[in-house]
Structure formats: structure tokens, C-alpha cells
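Down below is the structure, laid out as C-alpha cells.
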Amino acid sequence: MTPWRMEIDVSAHGTLTWRGHRVRCALGRGGVRRDKREGDGGTPIGCFPLRRVFYRRDRITPPPTALAVTPIEPDDGWCDDPAHPAYNQPVLLPFAGSHERLWREDGLYDLLAVIGWNDDPVVPGLGSAIFLHVARPDYAPTEGCVAVALGDLSELLAACRPGDRIRIGL
């Protein structure tokens, strides 16, 4: 039996579509890129699996999704240091290498899905921490992620199953 899959399409013009839904999204300040590199602000072009979901349980309830779900804790981070062995992986803070904090005050990571970019295998310098997360109210560009309104993200994740993919800029 073939696993059921849904593809989520993200246009280079800032729209995300799935199963008849079409919503606005923010993309990286560096545009969509085939040659994604750490720190370039680009959103990688390609088709990638959604790995798992993180959420702030002090702000929202666990999202209804069939993807693996993990609550974010105050000491959760993500390594973005290409020279560190934990590059593009979750880490616990404090952490000696360069990293991103997942427990944010601005609400952007209250709910996020990890996009399977540069993780199988990890190649130092090709980019890290590429997420599908909550957009700023003005849909300002991200550092390379895809961002949508919290309600849209919740609705999308409720439809997701293991094996679903996000197709960016194709």
C-alpha cells in the first residue's frame, strides 16, 4: 500500500496552497534560491518532507496533526554553526556554538514545522533551521523560512500526515 501524501506548494511570489486552500506566505529576504547557503536569507527551492512540529504549550494547545509533535521548552535551540558537529540539529541551551533560540517572545515560533532541508545528510554551510512557522503581522521576509498566519498554519498542519512534502518555488 502506498502511503498517502499531500504536497504543499509554495510559489516564489508568496502564496502557499494545499487541497484547495490558498494563503499568503512570507519567504526569505534573499528570495528563493537553488544555491542556498548559511546566512544568505534564501528559501531553498525544492521538494522537502515535513519532519516534525514544535509548539509553545504555554501559548497554544497541542496542534491536531498526525506529524510528530514536541513542545518547545525555554532551553531549546537549533544549531546554525557550520563548524559545529550539531549543525542543523536541535540543541539544548546554553550552547557554545552559534544557534537560534526556539523559545521566542515574538510568537513566530509558537507553532512550527521542520522542513527537511539539508538534514539527510547534513552538509556544513548549506543552510540550517528552515521551518514553516508563524508570519509577522506584516508578512515581512524571513531569514529563509516559509511563514504563514497562525490560523493558516494550524489548519494546514491538521491536514498533514507523515510523508507529506512541501514544494518550494517549483
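Listed values, structure above:
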| item | result |
| --- | --- |
| Odd one out for Gly41, checked against (1) under 14 Å from the mean Cα position of the chain (by Cα); (2) part of a strand (DSSP E or B) | (2) |
| For Arg52: the one exception among (1) outside any strand (DSSP E or B); (2) surrounded by fewer than 17 Cβ atoms within 10 Å (Cβ to Cβ); (3) not polar (S, T, N, Q) | (1) |
| Residue list for the stretch 116-156, restricted to those being of a type in the set (A, V, I, L, M) and either free of Cβ contacts under 8 Å to residues at least 40 places away in the same chain or over 18 Å from Thr15 (Cβ atoms) (or both) | Val122, Val123, Leu126, Ala129, Ile130, Val134 |
| Residue match in the stretch 68-84 (condition: modelled with pLDDT of 95 or more, under 18 Å from Ala159 (Cβ atoms) and hydrophobic (A, V, I, L, M, F, W, C)) | yes |
| Output for the stretch 17-38, where each listed residue is surrounded by fewer than 21 Cβ atoms within 10 Å (Cβ to Cβ), charged (D, E, K, R), in a loop (DSSP other than H, G, I, E, B) and at pLDDT 95 or above | Arg29, Arg34, Asp35, Arg37, Glu38 |
| Members of the stretch 15-46 that are more than 18 Å from Asn88 (Cα to Cα), in contact with a strand residue (DSSP E or B) (Cβ under 6 Å, 6 or more places away or on another chain) and in contact (Cβ under 8 Å) with a residue 24 or more places away in the chain | Leu16, Trp18, Val23, Cys25, Ala26, Leu27, Val32 |
| Test for Arg57: is it touching a Gly at 6+ places or on another chain (Cβ under 7 Å), outside any strand (DSSP E or B), basic (Lys, Arg) and loosely packed, with under 15 Cβ neighbours inside 10 Å | no |
| Unique residue being under 16 Å from the mean Cα position of the chain (by Cα) and of a type in the set (Gly, Ala, Ser) when the list is Ala68, Ala96, Ala86 | Ala68 |
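The values are calculated or read from the model by the stated rules, or taken from the named source; none is laboratory data. Only a predicted model underlies this, so the values are computations on that prediction, with no experimental measurement involved. Cβ sites come from the backbone with ideal geometry, for glycine too, and all protein chains shown count toward neighbours.
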